[in-house]
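Undergrad: Let me begin by handing over the structure; questions about it come next.
Bear in mind that the values in this text are calculations on the coordinates, not laboratory data. What you see is a predicted model; the values in this text were computed from it and never measured. Virtual Cβ from ideal backbone geometry, glycine too; neighbours counted across all protein chains shown.
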Amino acid sequence: MSLKKITAEDFYKKLKKEKVLLLDVRAEEKYNEYHIEDSNVDSLNINKMEIFKLEDAPSKELTLPKNREIVVTCTTGNSATKCASILSNLDYDVVVLEGGITAWKEYEGK
């Protein structure tokens with residue numbers, strides 16, 4: 001099963017139309033330093049290590065809704081892809097922000 005992905009540009013367009021649940025899997029200090037903020041973003045920060053642990057203990061519950069699409073991001077998209085894959089296997093509706101925060105900053109700066 002391949003993961004759904006969204007480009008920074010499409011993510012930006014999506015934000016203009018609807019509320020988006022964004023899961024940032026970077027370390028808390030990086031998240032606190034910079035994260036995507038918008039009135040349409042419900043931003044969550046769960047460290048990727050917490051999500052990696054779910055592979056071994058899938059019974060551990062996360063405070064994530066299963067009835068909403070979750071956009072997963074990290075610095076470049078690599079950790080987000082791994083996290084999204086784990087969450088997808090647990091029946092979460094996930095999409096990876098392609099290129100992560102790096103791509104978002106580049107796009108936002110245009």
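Undergrad: Hand me the list of strands (runs of 3 or more DSSP E) wholly inside the chain holding 3 or more residues that are of a type in the set (V, I, T) and surrounded by 12 or more Cβ atoms within 10 Å (Cβ to Cβ). Spell out the reasoning first.
TA: Details: elements: 4-6, 20-24, 41-45, 69-73, 93-97.
Answer list for the chain: 69-73, 93-97.
Undergrad: Against the conditions (1) touching a residue at least 24 places away in the same chain (Cβ under 8 Å); (2) closer than 16 Å to E9 by Cα, where does F52 fall short? Just the number, please.
TA: All conditions are met except number (2).
Undergrad: Filtering the range 4-24 down to residues that are over 17 Å from H35 (Cα atoms) and acidic (D, E), which residue is farthest from the chain's Cα centre (by Cα)?
TA: Checked the range 4-24; the qualifying residue farthest from the chain's Cα centre (by Cα) is E18.
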